[in-house]
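Notes for the one structure printed next.
The values are calculated or read from the model by the stated rules, or taken from the named source; none is laboratory data. Computed from a predicted structure; not experimentally measured. Cβ placement follows ideal geometry from the backbone for every residue including glycine, while neighbour counts extend to all protein chains displayed.
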């Protein structure tokens, strides 16, 4: 019998994808157990979902951490292993010509918050971290410390668009405004960019002339709640493998191994 994987989640809001994952674990559609729920938002309604299911939770108030850094950057106690030059070289969230001061502020303040996340997460053994509506970009500082020596990435995200189209915070809105005839959602591993990591799975739905942004969001959420548990179960079954196609310009892809 396959041992259940241990799944942690980060959320920022209502946690509907979190609920879909919890339900899938409890119904055995995912061979996994939810071991923690963390958030950057003290008012995240998804925390009540964790409480109802007896899942430990914690809060790292990003706004407070970032505000404190910006008010007095000289007093900030950055993590001992923080290396600004290394993070600037790795990250692709901000363009390199954005200016050193802006890069320093962004990466330093986020590393302070991410160090707090990592400290909270250390209390739990986990195999996979899922971002279930976590509205913060994670920097290489965090990603490298979660992935560590694992052969397969350990941070998974769901995005409300058919990547690589429409990365960013408003995938369904961008899909609607562009006049697309098809919308969808994507589950991917995260990398150092914005919604640019290797794609694990996608689901699509048709868009009719009668659809509104609200109906597109409704259709998308239904697909998200099915797709995310499916992809987590593939991880649990050890059926995901990264492959780098020949050719320097080609992106790393995720292969799904037969069951």
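One table, with the values for the structure above:
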quantity: Complete set of residues in region 204-235 that are under 22 Å from residue 26 (Cβ atoms) and surrounded by fewer than 21 Cβ atoms within 10 Å (Cβ to Cβ); calculated: 221, 222, 223, 225, 226, 230, 233, 234
quantity: All positions within region 1-39 that are in contact (Cβ under 8 Å) with a residue 40 or more places away in the chain, in a loop (DSSP other than H, G, I, E, B) and surrounded by fewer than 23 Cβ atoms within 10 Å (Cβ to Cβ); calculated: 2, 4, 12, 13, 14, 29, 31
quantity: Matching residues in region 148-161 - criterion: being modelled with pLDDT of 95 or more and closer than 12 Å to residue 127 by Cβ; calculated: 153, 154, 155, 156
quantity: Some residue of region 145-168 being in a helix (DSSP H, G or I) and in contact (Cβ under 8 Å) with a residue 12 or more places away in the chain; calculated: yes
quantity: Flag if residue 166 is on the phi > 0 side of the Ramachandran plot, crowded, with 19+ Cβ neighbours inside 10 Å and touching a helix residue (DSSP H, G or I) at 6+ places or on another chain (Cβ under 6 Å); calculated: yes
quantity: Subset of region 42-51 [loosely packed, with under 15 Cβ neighbours inside 10 Å and not in a helix (DSSP H, G or I)]; calculated: 42, 43, 45
quantity: Of all residues in region 177-186 being over 12 Å from the mean Cα position of the chain (by Cα) and crowded, with 20+ Cβ neighbours inside 10 Å, the one that is farthest from residue 254 (Cα to Cα); calculated: 183
quantity: Qualifying positions in region 195-228 - assigned to a helix (DSSP H, G or I) and touching a strand residue (DSSP E or B) at 6+ places or on another chain (Cβ under 9 Å); calculated: 216, 219, 220, 221, 222, 223, 224, 226, 227, 228
quantity: Tally, over region 148-169, of residues that are under 13 Å from the mean Cα position of the chain (by Cα) and within 19 Å of residue 235 (Cα to Cα); calculated: 7
quantity: Any hit, region 251-258, residues being outside any strand (DSSP E or B), under 20 Å from residue 135 (Cβ atoms) and within 20 Å of the chain's Cα centre (by Cα); calculated: no
quantity: Positions within region 88-97 being surrounded by fewer than 19 Cβ atoms within 10 Å (Cβ to Cβ) and not in a helix (DSSP H, G or I), in sequence order; calculated: 92, 93, 94, 95
quantity: In region 52-80, residue surrounded by the most Cβ atoms within 10 Å (Cβ to Cβ) [restricted to those that are touching a residue at least 40 places away in the same chain (Cβ under 8 Å) and not in a helix (DSSP H, G or I)]; calculated: 60
quantity: Matching entry among 172, 192 (being touching a helix residue (DSSP H, G or I) at 6+ places or on another chain (Cβ under 7 Å), touching a residue at least 24 places away in the same chain (Cβ under 8 Å), closer than 29 Å to residue 152 by Cβ and not in a helix (DSSP H, G or I)); calculated: 192
quantity: Enumeration of residues in region 116-138 that are buried (at least 21 other Cβ atoms within 10 Å of the Cβ) and free of Cβ contacts under 8 Å to residues at least 60 places away in the same chain; calculated: 138
quantity: Residue 100 vs. criteria surrounded by fewer than 17 Cβ atoms within 10 Å (Cβ to Cβ), in contact with a helix residue (DSSP H, G or I) (Cβ under 9 Å, 6 or more places away or on another chain) and either modelled with pLDDT of 95 or more or under 17 Å from residue 135 (Cα atoms) (or both); calculated: no
